[in-house]
Amino acid sequence: MALCGGVGAMALPSELIVHIFSFLSDRDKLRASAVCSRWRECLFYPALWTELKLRLGGGGCGSEDSPRLEFLMRKFGSFVRELQLELPPGPDNDPQLSERWRDAMTTYLDQVLCVFSSIRNNRNLQKLSLYGDTCILQQEGLLDTSNLHQIHQGDKKINEIQQLFMEMLSNSRQLRWLSCSFMLGLVTPCSLACLSNPSAETLKHLSLLDHQLGPLISPSELDRLSYLNSLALDFSDLTSELCGLLASPRRIPLHRLSLLLNGAALEFKPLEGTATEDDWKALVRQYANLRVYMMALEVDSSELLRVLKPSLPLERLHLDSYSTLVSDATLELISQQYNKTLTHFMLLRDDPDFPDLSVNRNEDPLVLLAWRCTQLAVLVIHGYTVWSHNLVAISRLRGSSLRVLTVSEESIDFDPDQSVCMEGDPVHNLVKEVSLGLGRVWHPCLDSSLVLSEPTQHFHRELQAFSMGM
């Protein structure tokens, strides 16, 4: 609308234009900045960019996003308060043979350098969340550092990235959230020693996950971070010593603990010395509201039975594998031990074979889990046979309290003896019966790719939701 004098919106004060632009999405802000120099000046006002969420690429090496990333970090890196960045996946070929692998690695290193060069002196940074899909940058669960020699100045860039990260930690003054998941070469066992004393007192959430290295947090550093109420670690790094420090009455209550158990890394990071039953008892005694989220990736049942202690306050459990089978005895133990705490259960297996967990179809372990776990709200299944009548039983047992019931169509099978006694299409009858049990419309998942997300990425996103839901 034109204003008096016919000068239009250009007559509005800058403060008002900035307020109007605050209702735009980040994408629309960048588009609007191309209208004129006045708008561009207002749109790059620091108050409009306190939070920046970037997901680069959707495949390949993501190099086409580098100029955009450089522009955004140059403009906002020095004052942004919340930065969330997800780096793209790339080709999974053999690093020794793949030119695409080298391109992906080069782009990854350059993008991480760009980010930390921009935020190294940012004293306003309160939240930093980084995820790097390093499935393309590892072999057999461990990085072979000799591969870096194939990248131009690879060793030099890794060292520079580590120095910039430690410089950022040293310069921070009010960091509340620090999450680094699978960022190749970023975090070292010495990194947290650089965290400034002011940030050590403000930090509420810490997530350090990198299955290519040993422990990333020492007991002395954890002892310094006494205000944490949320923590995410590799399970093998949760030693009895760390548990003893976490259970100290000098600390503020710990509410959320997220743990990743990677079966491929157990050869290098064994379970000896990890949290015992007495450790969990001490933690629960100190923090009655402590809840745990655990993902076990390619872990066989014998190892799971060593980890799943009775006093573990398990709220969310994600069992994911490509070939390893979860036994019915493991499910039986889960349903008995965590019947009062378990709310989320995901059982996934990415394999063309669909094993049947029911040794006795009248006592299906998934039905027993739904019956015993009275707080169960989310159940996701793919890669195991789920008999249709058991799926109906699960829906009736939990009813509308089961907010999410996701079962892939490939996993559902029908008992021929029961099909003879029923009229009509068995799939239609199943949908009808499960919908009635849940009290809402339900359908099986027709696209298994919607269920089988990349495990480490799922863990990164789920732990964020889990930790922020305190």
Check: C-alpha center segment 453-470 vs C-alpha center segment 185-226, spacing in Å is 19 Å
Once the dipole of the chain is set up from charges on Cβ (+1 Lys and Arg, -1 Asp and Glu), the residue from the list Val404, Thr239, Ser22 lying farthest towards its positive end is Ser22
Regression test value, accessible area per residue of segment 252-469, probe 1.4 Å, units Å², expected 44 Å²
With bins of 5 Å, the percent of all Cα-Cα pairs of segment 193-329 per bin from 0 is 2, 10, 20, 24, 20, 13, 7, 3, 1, 0
Per the charge dipole of the chain (beta-carbon charges, Lys/Arg positive, Asp/Glu negative, Cα centre), the residue among Cys190, Ile381, Pro444 reaching farthest to the positive end is Cys190
So, with points 7 Å from each Cα along the Cβ direction, the Glu332-Glu15 label distance in nm works out to 7.1 nm
Taking only protein heavy atoms and a 1.4 Å probe, the highest-to-lowest accessible-area order of Phe414, Phe268 is Phe268, Phe414
Here the averaged projected area of the chain, based on the convex hull of its alpha-carbon atoms and given in nm², is 27.0 nm²
Rg/Rh of segment 273-402 (Cα atoms, Kirkwood Rh), to two decimals, equals 0.97
With +1 on the Cβ of every Lys and Arg and -1 on the Cβ of every Asp and Glu, the dipole magnitude of the chain about its Cα centre, in debye rounded to the nearest 20, is 2760 debye
The helix 328-337 Cα axis meets the longest alpha-carbon principal axis of the chain at an angle in degrees, between 0 and 90 and rounded to 10, of 70 degrees
Note on the chain, DSSP bridge orientation, antiparallel percent to nearest 5 equals 5 percent
Here Rg/Rh (Cα, Kirkwood) for segment 252-469 equals 0.98
Of the accessible area of segment 252-469, computed with a 1.4 Å probe and all protein chains kept, carbon and sulfur make up a percent value of 52 percent
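The values are calculated or read from the model by the stated rules, or taken from the named source; none is laboratory data. Quantities reported herein were computed from a predicted structural model and do not represent experimental measurements. Heads up, the Cβs are rebuilt from the backbone with ideal geometry, glycines too, and the neighbour counts pull from every protein chain shown. Accessible surface is based on the protein model in full, side chains and every heavy atom, while ligands, DNA and RNA are left aside. Shrake-Rupley method; radii C 1.70, N 1.55, O 1.52, S 1.80 Å.
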